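> Starting off with a structure, shown below.
The values are calculated or read from the model by the stated rules, or taken from the named source; none is laboratory data. Please read these numbers as outputs of a predicted model, since none were measured by experiment. Note that each Cβ is placed from the backbone with ideal geometry, even for glycine, and that neighbours are counted across all protein chains shown. When the accessible area is computed, the model is the full protein with side chains, heavy atoms only, and any ligands, DNA or RNA have been set aside. Shrake-Rupley method; radii C 1.70, N 1.55, O 1.52, S 1.80 Å.
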Amino acid sequence: MVNKKIQKNKRGFVLLFAVVLSSIILTIALGLAKISFQEIVFGTSARSTNEAFFAADTAVECALYYDIGISISAFGVPSAQGDTSCAGTFVDLNNGSDTPDPSPWNFVLFPLGSGQACAKVTVTKTTVDPVTTQVLARGYSSGGSNTVDCSASNPNRVERELEVNY
Amino acid sequence: MKFSLKQKNKGFTLIETLVAISIFTVSVIALLTIVSSGITDTLYAKKKMAAIYLAQEGIEYMRNMRDTYLLYPPNGTVGWDDFKVKIEDCNTDNGKGCYFNDQALDFNDQIQPIIDITISPCVAGVCPTLLYDSLTGKYNYTTGVNSGFVRRINITNINAHETQIYSTVTFMNGSVPYEITFSENLFNWIRQ
């Protein structure tokens, strides 16, 4: 009886051994797959980083051009469609108002880069002397199709911010 | 009774072995598939990273050139105009882009070292392949082995004071072509 029981317990050993071995192998395989997947994600995020950074940089240059690149700053001056444009789109540097609007001024640039990127800019000027200006540009790797506020639901969206003070 | 039990045991072990071998085979095949795709993906990720940095470098060279022309224009010239003349070969309207060779970059030129680099049009839209020099770790067009990366710079003049620059790097992974493009708009924001 005892002998029989032992014999019975020994059954399934090969199966158990195979299952254990294959789970070890599968774990190794999944580990390898995870590493390569992470590398691809890392590569994609490196790309998004550049998209967002160049979007922010384009936005800063746009603000600098309309503030100090022309003889009189275009900020806080009501402008007609087509007067002020960056990256081929009209930018309103007066918060959309028909009368001179006080600082800060916000505008959105889209689409930038490969067509997916966009940027949000806030320009602030002090009213007392000496007048200082701050340009705050936030570039995003996606959201370029949103023409209102550059927002996107993509959880992998990358943001890069540039701040210029003068 | 004992005889029949033994018989039963024998048969089960055979099925058991077959099942075990098949499970083992399936897992080995899975391992081989995942390892081979893992190696391919890792190679792709490596090439993609290099391509991203090369494309970024392309934009930064053009930016540096714009900055140099604008901040240190030779006497009596308008930096922005000189910059646009320099990169005219890259204009999308004139053809299919250009490439730059920094071999002639001369740091003895204290004022405008960057403008010594040569910008050449890509003949018939085909840009030369970058060579990788393992001694210096630099990508160039003169020394080293074929890196498989091709960099093309394109510009589009949006208006008189704005230029859009595209830096595209193409590479092959196996037989599949890939492309990384970055783009930035440069403005003439320095009043002269």
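> For helix A:13-64, report the angle its Cα long axis makes with the longest principal axis of the Cα atoms of chain A; keep it between 0 and 90° and round to the nearest 10°.
For A:13-64 against chain A, the angle is about 0 degrees.
> Estimate the FRET efficiency between B:Glu179 and A:Phe37 by the formula 1/(1 + (r/R0)^6), using the beta-carbon distance for r and 22 Å for R0, to the nearest 0.05.
Approximately 0.55, to the nearest 0.05.
> Have a look at segment B:169-192 and report residues whose accessible surface goes down by 30 Å² or more when the remaining protein chains are included, against the chain on its own, probe 1.4 Å, ligands and DNA/RNA excluded.
Those residues are B:Thr181, B:Phe182, B:Ser183, B:Glu184, B:Asn185, B:Phe187, B:Trp189, B:Arg191.
> Taking the Cβ of B:Thr168 as the center, what net charge do the other residues with Cβ under 10 Å away carry, scoring Lys and Arg +1 and Asp and Glu -1? Numbers along the way, then the final one.
Working: positive: B:Arg151, B:Arg152; negative: B:Glu179.
Taking every Cβ under 10 Å from that of B:Thr168, the sum is +1.
> How would you classify segment B:93-192 from its alpha-carbon gyration tensor, with a ≥ b ≥ c the square roots of the eigenvalues: rounded for a/c under 1.5, else prolate if a/b is greater than b/c, otherwise oblate? Present the calculation step by step, with values, prior to reporting the outcome.
Values: a/c = 2.23, a/b = 1.24, b/c = 1.80.
It comes out oblate by the Cα gyration axes.
> Just to confirm my numbers, what's the Cα centroid distance between segment A:74-151 and segment B:155-170 in Å?
Their Cα centres are 21 Å away from one another.
> Chains A and B: buried accessible surface, both sides, probe 1.4 Å, rounded to 100 Å²? Write down the numbers at each step before the final one.
On the way: alone 10980 and 12390 Å², together 19580 Å².
Interface between A and B: roughly 3800 Å².
> Once you've got the GNM for chain B with C-alpha springs shorter than 10 Å, pick whichever of B:Glu16, B:Glu60, B:Glu88 has the biggest mean-square fluctuation.
In the Gaussian network model the winner is B:Glu16.
> Would you mind working out the magnitude of the charge dipole of segment B:47-192 relative to its Cα centre, with +1 at each Lys and Arg C-beta and -1 at each Asp and Glu C-beta, to the nearest 20 Debye?
Values: 11 positive and 16 negative charges, 84 e Å.
Using only the charged Cβ atoms, the result is roughly 400 debye.
> Quick one: among A:Val123, A:Val148, A:Val20, which has the greatest mean-square fluctuation in a GNM of chain A with alpha-carbon springs under 10 angstrom?
A:Val20
> Long-range amide H contacts for B:Tyr141: which residues qualify at under 5 Å (H placed 1.01 Å from N, peptide plane, sequence gap of 5 or more or a different chain)?
Result for B:Tyr141 returns B:Leu131.
> Relative to the longest principal axis of chain B, what angle (0 to 90°, nearest 10) does the C-alpha long axis of helix B:2-71 take?
0 degrees
> Give, rounded to the nearest 20 debye, the magnitude of the charge dipole that segment A:90-153 has about its Cα centre when Lys and Arg contribute +1 at Cβ and Asp and Glu contribute -1 at Cβ. Intermediate results must be reported in sequence, preceding the final value.
Details: 3 positive and 5 negative charges, 53 e Å.
Using Cβ point charges on Lys, Arg, Asp and Glu, segment A:90-153 gives about 260 debye.
> Taking the C-alpha atoms of segment A:43-117, how large are the radius of gyration and the largest Cα-Cα span, Dmax, in Å?
13.8, 47
> Take every Cα pair under 8 Å in segment A:84-166 that's 6+ residues apart, average their separations, divide by the length, and report that relative contact order as a whole percent. Please list the in-between numbers first.
Numbers: 165 pairs, mean separation 19.2, N = 83.
It rounds to 23 percent for segment A:84-166.
> Also, quick follow-up: Which whole-Hz ³J(HN,Hα) couplings does segment A:141-149 yield from phi under the Karplus relation 6.51 cos²θ - 1.76 cosθ + 1.60, θ = phi - 60°, glycine and proline marked x?
With the stated coefficients, segment A:141-149 comes to 6, 9, x, x, 7, 8, 8, 9, 10 Hz.
> Lys/Arg Cβ at +1, Asp/Glu Cβ at -1, dipole of chain B taken about the Cα centre: which of B:Asn159, B:Cys122, B:Ile87 is farthest positive-ward?
So the residue we want is B:Cys122.
> Strictly over 22 Å apart at the Cα level, which of B:Lys47/B:Lys138; B:Lys46/B:Lys138; B:Lys48/B:Lys86; A:Lys34/B:Lys46 would you flag in this model?
On the way: B:Lys47/B:Lys138 15 Å; B:Lys46/B:Lys138 16 Å; B:Lys48/B:Lys86 30 Å; A:Lys34/B:Lys46 15 Å.
Table pairs above 22 Å Cα-Cα are B:Lys48/B:Lys86.
> May I pose another question? Partner chain Cβ atoms within 10 Å, averaged over the residues of B:151-159 - can you pull that number for me? Please report the intermediate quantities before stating the final value.
Details: counts 0, 0, 0, 0, 0, 1, 0, 4, 3.
Across B:151-159, the average partner-chain Cβ count within 10 Å equals 1.
> Follow-up question, since we're still on this one. Given +1 on the Cβ of Lys and Arg, -1 on the Cβ of Asp and Glu, and no further charges, what dipole in debye does the protein assembly as shown carry about its Cα centre, rounded to the nearest 20?
Values: 28 positive and 32 negative charges, 843 e Å.
I would put it at about 4040 debye.
> For peptide B:161-168, how many partner chain Cβ atoms fall within 10 Å of a residue's Cβ, on average?
On the way: counts 4, 8, 0, 4, 1, 2, 2, 0.
Mean partner-chain Cβ count within 10 Å for B:161-168: 3.
> Let me ask something else about it. Of the residues A:Thr27, A:Thr132, A:Thr99, which exhibits the maximal mean-square fluctuation in a Gaussian network model of chain A defined by a 10 Å Cα contact cut-off?
Among A:Thr27, A:Thr132, A:Thr99, the largest mean-square fluctuation in the Gaussian network model of chain A belongs to A:Thr27.
> Inverting the mean 1/r over all pairs of different Cα atoms, compute the Kirkwood radius of segment B:49-139 and quote it in Å. Intermediate results must be reported in sequence, preceding the final value.
Numbers: mean 1/r = 0.0697 Å⁻¹.
Result for segment B:49-139, one decimal place: 14.4 Å.
> So, with a 1.4 angstrom probe, what is the percent of accessible area on segment B:109-192 that is carbon and sulfur? The partial results should precede the final answer.
On the way: 2350 of 4020 Å².
Whole-percent figure for carbon plus sulfur exposure: 59.
> Cβ under 10 Å from A:Pro78's Cβ, A:Pro78 left aside: what net charge do those residues give with Lys, Arg +1 and Asp, Glu -1?
Local net charge: -4.
> Summarise the long-distance tail of P(r) for the protein assembly as shown by giving the % of C-alpha pairs beyond 33 Å.
Working: 30488 of 63903 pairs.
Within the protein assembly as shown, distances greater than 33 Å cover 48 percent of Cα pairs.
> Hey, what's the Kirkwood Rh for segment A:121-166 if you take every pair of different alpha carbons, in angstrom? Mind dumping the intermediate values first?
On the way: mean 1/r = 0.0813 Å⁻¹.
Across segment A:121-166, the inverse of the average 1/r is 12.3 Å.
> Is chain B best put as rounded, prolate or oblate by its Cα gyration tensor, with a ≥ b ≥ c the root eigenvalues, rounded for a/c under 1.5, and otherwise prolate when a/b is larger than b/c, oblate when not? Write out the running numbers ahead of the final one.
Values: a/c = 4.46, a/b = 3.69, b/c = 1.21.
Cα axes put chain B in the prolate bin.
> Please report, as a whole percent, how much of the solvent-accessible surface of segment B:12-92 comes from carbon and sulfur atoms (probe radius 1.4 Å). Don't skip to the end; give the middle numbers.
On the way: 2890 of 4200 Å².
Solvent-exposed carbon and sulfur of segment B:12-92 make up 69 percent of the total.
> Here is a follow-up. For chain A, with the dipole built from +1 on Lys and Arg beta-carbon atoms and -1 on Asp and Glu ones, taken about the Cα centre, which of A:Ala59, A:Thr84, A:Phe37 lies farthest toward the positive end?
A:Phe37
> Which of rounded, prolate, oblate describes segment A:34-159, given a ≥ b ≥ c as roots of the alpha-carbon gyration tensor eigenvalues and a/c under 1.5 marking rounded, otherwise prolate only if a/b is larger than b/c? Numbers along the way, then the final one.
Details: a/c = 2.73, a/b = 2.16, b/c = 1.27.
Prolate.
> Starting from the Cα of B:Val28, step 7 Å along the direction of its Cβ; do the same at A:Val128; then give the gap between the two resulting points in nm.
With each label point 7 Å from Cα toward Cβ, the separation is 8.2 nm.
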